[in-house]
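The values are calculated or read from the model by the stated rules, or taken from the named source; none is laboratory data. Quantities reported herein were computed from a predicted structural model and do not represent experimental measurements. Note: ideal-geometry Cβ built from the backbone for every residue, glycine included; neighbour counts use all protein chains shown.
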Amino acid sequence: MDYRYPGDLNLCIQDLVENIDLLESKYNIERAVLVGWSFGDAVVISAGAQCNLVKAIATIASQTADTISVSQLAQKGKACLFIHGKADQCLPSRCSEQLYRLVGEPKELVSFI
(Lines give C-alpha, C1' and ligand atoms only; values in the text may rest on other atoms or scores of the structure.)
Protein backbone atom coordinates (compact mmCIF):
# COMPACT_ATOMS: atom_id res chain seq x y z
CA MET A 1 0.00 0.00 0.00
CA ASP A 2 1.06 3.60 -0.42
CA TYR A 3 1.04 6.01 2.49
CA ARG A 4 -0.45 9.48 2.09
CA TYR A 5 2.54 11.08 3.78
CA PRO A 6 5.47 8.66 3.91
CA GLY A 7 7.67 9.52 6.87
CA ASP A 8 4.83 10.77 9.10
CA LEU A 9 4.58 7.86 11.52
CA ASN A 10 1.16 8.65 12.97
CA LEU A 11 -0.46 9.12 9.57
CA CYS A 12 1.20 5.97 8.24
CA ILE A 13 -0.16 3.99 11.19
CA GLN A 14 -3.60 5.49 10.59
CA ASP A 15 -3.43 4.57 6.89
CA LEU A 16 -2.49 0.97 7.70
CA VAL A 17 -5.16 0.57 10.40
CA GLU A 18 -7.80 1.97 8.03
CA ASN A 19 -6.69 -0.45 5.30
CA ILE A 20 -6.91 -3.37 7.70
CA ASP A 21 -10.42 -2.25 8.69
CA LEU A 22 -11.36 -2.04 5.00
CA LEU A 23 -10.09 -5.57 4.34
CA GLU A 24 -12.03 -6.84 7.32
CA SER A 25 -15.31 -5.19 6.34
CA LYS A 26 -15.09 -5.78 2.58
CA TYR A 27 -13.57 -9.27 2.49
CA ASN A 28 -14.43 -10.66 5.94
CA ILE A 29 -10.82 -11.53 6.72
CA GLU A 30 -10.40 -12.93 10.20
CA ARG A 31 -6.66 -12.50 10.68
CA ALA A 32 -3.71 -10.72 9.16
CA VAL A 33 0.07 -10.74 9.29
CA LEU A 34 1.92 -7.46 8.76
CA VAL A 35 5.37 -7.21 7.19
CA GLY A 36 7.45 -4.04 7.37
CA TRP A 37 10.90 -2.96 6.30
CA SER A 38 13.04 -0.23 7.93
CA PHE A 39 10.71 2.70 8.80
CA GLY A 40 7.77 0.47 7.87
CA ASP A 41 8.63 -1.73 10.83
CA ALA A 42 7.64 1.02 13.25
CA VAL A 43 4.35 1.29 11.37
CA VAL A 44 3.55 -2.45 11.47
CA ILE A 45 4.60 -2.75 15.12
CA SER A 46 2.26 0.08 16.17
CA ALA A 47 -0.62 -0.98 13.92
CA GLY A 48 -0.16 -4.60 14.96
CA ALA A 49 -0.43 -3.65 18.61
CA GLN A 50 -3.66 -1.71 17.89
CA CYS A 51 -5.53 -4.14 15.62
CA ASN A 52 -7.09 -7.30 17.03
CA LEU A 53 -7.19 -8.75 13.52
CA VAL A 54 -3.38 -8.78 13.35
CA LYS A 55 -2.03 -12.07 14.68
CA ALA A 56 1.66 -11.65 13.81
CA ILE A 57 4.23 -9.20 12.48
CA ALA A 58 7.48 -9.64 10.61
CA THR A 59 10.14 -6.96 10.41
CA ILE A 60 13.04 -6.71 8.01
CA ALA A 61 16.04 -4.54 8.94
CA SER A 62 14.10 -2.74 11.65
CA GLN A 63 14.84 0.61 13.15
CA THR A 64 14.35 1.09 16.89
CA ALA A 65 12.94 4.61 16.74
CA ASP A 66 9.20 4.80 17.41
CA THR A 67 8.87 1.10 18.25
CA ILE A 68 7.71 1.46 21.86
CA SER A 69 4.59 -0.60 21.03
CA VAL A 70 6.69 -3.73 20.51
CA SER A 71 6.18 -4.87 24.12
CA GLN A 72 2.39 -4.75 23.63
CA LEU A 73 2.52 -7.35 20.85
CA ALA A 74 3.43 -10.26 23.11
CA GLN A 75 1.00 -9.11 25.80
CA LYS A 76 -1.69 -9.64 23.17
CA GLY A 77 -0.27 -13.01 22.04
CA LYS A 78 1.00 -11.81 18.67
CA ALA A 79 3.95 -13.61 17.12
CA CYS A 80 6.98 -11.57 16.04
CA LEU A 81 9.67 -12.38 13.48
CA PHE A 82 12.73 -10.14 13.20
CA ILE A 83 15.01 -10.51 10.16
CA HIS A 84 18.23 -8.54 9.83
CA GLY A 85 21.54 -8.77 7.99
CA LYS A 86 24.65 -8.51 10.13
CA ALA A 87 26.41 -6.53 7.37
CA ASP A 88 23.62 -3.92 7.08
CA GLN A 89 25.34 -0.55 6.85
CA CYS A 90 22.18 1.55 7.12
CA LEU A 91 20.55 0.06 10.22
CA PRO A 92 22.79 -2.16 12.38
CA SER A 93 21.49 -5.61 13.28
CA ARG A 94 21.53 -4.62 16.95
CA CYS A 95 18.29 -2.71 16.22
CA SER A 96 16.41 -5.95 15.53
CA GLU A 97 18.24 -7.68 18.38
CA GLN A 98 17.07 -4.99 20.79
CA LEU A 99 13.45 -5.33 19.66
CA TYR A 100 13.73 -9.11 19.97
CA ARG A 101 14.85 -8.74 23.60
CA LEU A 102 11.95 -6.38 24.39
CA VAL A 103 9.15 -8.56 23.05
CA GLY A 104 7.86 -11.69 24.73
CA GLU A 105 7.07 -15.06 23.18
CA PRO A 106 6.26 -16.17 20.55
CA LYS A 107 9.21 -14.62 18.74
CA GLU A 108 12.10 -15.44 16.45
CA LEU A 109 15.23 -13.58 15.35
CA VAL A 110 16.87 -14.46 12.04
CA SER A 111 20.28 -12.90 11.42
CA PHE A 112 22.27 -13.50 8.28
CA ILE A 113 25.52 -12.35 6.72
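With the structure loaded, tell me whether Val33 is β-branched (Val, Ile, Thr) and buried (at least 17 other Cβ atoms within 10 Å of the Cβ) or whether it fails that test. Answer is no for this residue. From the list Ala79, Ala42, the one residue that fits, being crowded, with 16+ Cβ neighbours inside 10 Å and under 9 Å from the mean Cα position of the chain (by Cα), is Ala42. The residues of region 54-68 that are surrounded by fewer than 17 Cβ atoms within 10 Å (Cβ to Cβ) and more than 19 Å from Pro92 (Cα to Cα) amount to a single one, Lys55.
Among residues of region 59-74 that are of a type in the set (Ser, Thr, Tyr), those with a Cβ under 8 angstrom from a residue that is part of a loop (DSSP other than H, G, I, E, B), sequence gap 6+ or separate chain, pair up as Ser62/Ser38; Ser62/Leu91; Ser71/Val103; Ser71/Gly104. When Glu30 is tested against (1) at negative phi; (2) under 12 Å from the mean Cα position of the chain (by Cα), only condition (2) is not met.
Residues in region 19-30 that are of a type in the set (D, E, K, R) and surrounded by fewer than 16 Cβ atoms within 10 Å (Cβ to Cβ) were compared, and the one that is farthest from Ala56 (Cα to Cα) is Lys26. Inspect all residues belonging to region 77-93 and state whether any of them is among the basic types (Lys, Arg), without any contact (Cβ under 8 Å) to a residue 12 or more places away in the chain and farther than 17 Å from Met1 by Cα. Checking region 77-93: not a single residue is among the basic types (Lys, Arg), without any contact (Cβ under 8 Å) to a residue 12 or more places away in the chain and farther than 17 Å from Met1 by Cα.
Considering only residues that are among the aliphatic types (A, V, I, L, M) and at pLDDT below 95, look in region 1-21 and name the one that is nearest to the chain's Cα centre (by Cα).
Restricting attention to region 1-21, the residues satisfying the condition of being among the aliphatic types (A, V, I, L, M) are 1, 9, 11, 13, 16-17, 20.
Checking the rest, the ones that are also at pLDDT below 95 come to 1, 9.
Values: Met1: 14, Leu9: 12 Å.
Filtering region 1-21 for residues that are among the aliphatic types (A, V, I, L, M) and at pLDDT below 95, the one nearest to the chain's Cα centre (by Cα) comes out as Leu9.
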